[in-house]
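First up is the structure itself, then whatever we jot down about it.
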Amino acid sequence: MNLQAVSPMLRRALIRSCYYSKLLSSPSACYVCTISKVARSEEKLGNYLRSKYSSFQSKTCWKCDSAVEKYDLFCSGCNTIQKLDTGRNYFDLFGINERYSVDPKLIQKTFRDLQRQLHPDLYSNKDEEEKKLSEEHSSLVNKAYSVLNHPLRRAQYMLLLKGVDIEKAPADLSQEFLMEIMERNEEVDGLEDEDKIHHLSLMYKNVMMELSKEAEKAFDKGDLEKAKEVVAKMKYFYNLEMKVQDLKRKYGIMD
Ligand SMILES: [Zn+2]
């Protein structure tokens, strides 16, 4: 790919995306390389990059009028916290690719880094507007973390980003599956046998892991129908898993 053919802003965005994703060490997973494989022409590539990196458009700092990139948290001129863009995608916020498979350690590290930069102690001497902004950013970062770090919520969020709300348009699951879930719920309700509770806890954890793998495949293939079906199943099994967790707490059962 000819990097000179793209504008300086897009070039910077490209390099930045690699840096953010910590993927420079594995070129096959890098945006630049992925793009070079899929782009049929420079024009197509330009359009793709423009839509992908529209988030890097510049704006000006609300306090000192210096130019800042759209998603920069702080102004490089006066170091003031910037206004929140509520439409911002959680993956962008954490500087990772929009893929189902995530690196939990990287998410956790980014979360800690962001929270450190947004810590209330750092804003105690700032004006009210900056305090308010740091609180807003902090609450968005918390929300994003709770979604990205949770297999089911992350999957539901990815569907939402693709315009699929399974709460409003539930997946069509077979009667057989729904019967099975009903029976499983009956089995869990009122269960007192501690060995059985322990066994079910491990089993549902495994089922969720398997479903997560299926979700990853479906999202990677761009098969939204399949993803929707898998996510609907995950919801049922997650409820079961939570019921069993409650029983474990009730009877003081350790892992
Ligand atoms: Zn500024």
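Every number here is computed from the coordinates shown, using simple stated rules; none is lab data. The structure presented is a predicted model; accordingly, all values stated were derived computationally and were not measured. With ideal geometry, Cβ positions are generated from the backbone for all residues, glycine too; neighbour counts draw on all protein chains shown.
Table for the structure above
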{"quantity": "Taking only Cα atoms of the range 62-149, radius of gyration then Dmax in Å", "calculated": "13.4, 40"}
{"quantity": "Net lengthening on full extension, Lys162/Lys221 (0.36 nm per residue, minus Cα-Cα)", "calculated": "19.9 nm"}
{"quantity": "Pair Ser139, Asn239: separation of 7 Å Cα→Cβ label points (nm)", "calculated": "3.0 nm"}
{"quantity": "Stretch gain in nm, segment Asp195-Arg99, where the contour uses 0.36 nm per residue and the Cα spacing is subtracted", "calculated": "30.8 nm"}
{"quantity": "Loop-located chymotrypsin sites (Phe, Trp or Tyr not before Pro) in the range 147-204, at most 10 other Cβ atoms within 10 Å (DSSP)", "calculated": "none"}
{"quantity": "Net length gained if the chain between Lys109 and Lys126 were fully extended (0.36 nm per residue, minus Cα distance)", "calculated": "3.5 nm"}
{"quantity": "Where trypsin sites (Lys or Arg not before Pro) fall in DSSP loop in the range 99-199, at most 15 other Cβ within 10 Å", "calculated": "Arg99, Lys126, Lys162, Lys168"}
{"quantity": "In the range 170-207, the GluC sites (Glu not before Pro) that fall in loop regions by DSSP, at most 15 other Cβ within 10 Å", "calculated": "Glu192"}
{"quantity": "Cα-based Rg of the range 126-211 normalised by 2.2 N^0.38 Å, two decimals", "calculated": "1.64"}
